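*Asks:* Below you'll find the structure I mean.
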Amino acid sequence: MYDGNKPAPWWQEAFVLSRAVFGILFWPLAAIFGALVAISGLFVAFNAGLLWGLLVLALIAAAIAAFAWWDLRQPPRA
């Protein structure tokens, strides 16, 4: 079935490497895109009115506080 002397095809190695790189970069890229969406939403909300802008600002602050609370409840990593 598997010939141990034959090297893996180039596409299989490229797939493994790209999956590893994507696995490492997924959460930082998700955070960057999330921050861009939040800033854009904040800009649009303030253009709609002061109360909308303050409401969105409060939602962003609540999301950050919820993440901080969730992170504190996680067990420490070894």
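*Asks:* Val16 passes all but one of (1) open to solvent by 60 Å² or more (accessible area, probe 1.4 Å); (2) within 17 Å of the chain's Cα centre (by Cα); (3) among the β-branched types (Val, Ile, Thr); which number fails?
*Replies:* (2)
*Asks:* Hey, can you tell me all the residues within the range 19-31 that are open to solvent by less than 100 Å² (accessible area, probe 1.4 Å) and either aliphatic (A, V, I, L, M) or assigned to a loop (DSSP other than H, G, I, E, B) (or both)?
*Replies:* Answer for the range 19-31, where residues must be open to solvent by less than 100 Å² (accessible area, probe 1.4 Å) and either aliphatic (A, V, I, L, M) or assigned to a loop (DSSP other than H, G, I, E, B) (or both): Ala20, Val21, Leu25, Leu29, Ala30, Ala31.
*Asks:* Could I ask something else about it? Suppose the filter is aromatic (Phe, Trp, Tyr), in a helix (DSSP H, G or I) and surrounded by fewer than 10 Cβ atoms within 10 Å (Cβ to Cβ); does Trp69 pass it?
*Replies:* Spelling it out, Trp69 is indeed aromatic (Phe, Trp, Tyr), in a helix (DSSP H, G or I) and surrounded by fewer than 10 Cβ atoms within 10 Å (Cβ to Cβ).
*Asks:* Return yes when Leu54 is of a type in the set (A, V, I, L, M, F, W, C) and surrounded by 10 or more Cβ atoms within 10 Å (Cβ to Cβ) and no when it is not.
*Replies:* yes
*Asks:* Could you say whether any residue in the range 32-51 is open to solvent by 90 Å² or more (accessible area, probe 1.4 Å), touching a helix residue (DSSP H, G or I) at 6+ places or on another chain (Cβ under 9 Å), without any contact (Cβ under 8 Å) to a residue 24 or more places away in the chain and not in a helix (DSSP H, G or I)?
*Replies:* So far as the range 32-51 goes, no, none of its residues is open to solvent by 90 Å² or more (accessible area, probe 1.4 Å), touching a helix residue (DSSP H, G or I) at 6+ places or on another chain (Cβ under 9 Å), without any contact (Cβ under 8 Å) to a residue 24 or more places away in the chain and not in a helix (DSSP H, G or I).
The values are calculated or read from the model by the stated rules, or taken from the named source; none is laboratory data. Predicted model, so just to flag it, every value in this text is computed and none were measured. FYI the Cβ positions are ideal-geometry reconstructions off the backbone, even for glycines, and counts take in every protein chain you see. Accessible surface areas use protein heavy atoms only, side chains included; no ligands, DNA or RNA. Shrake-Rupley method; radii C 1.70, N 1.55, O 1.52, S 1.80 Å.
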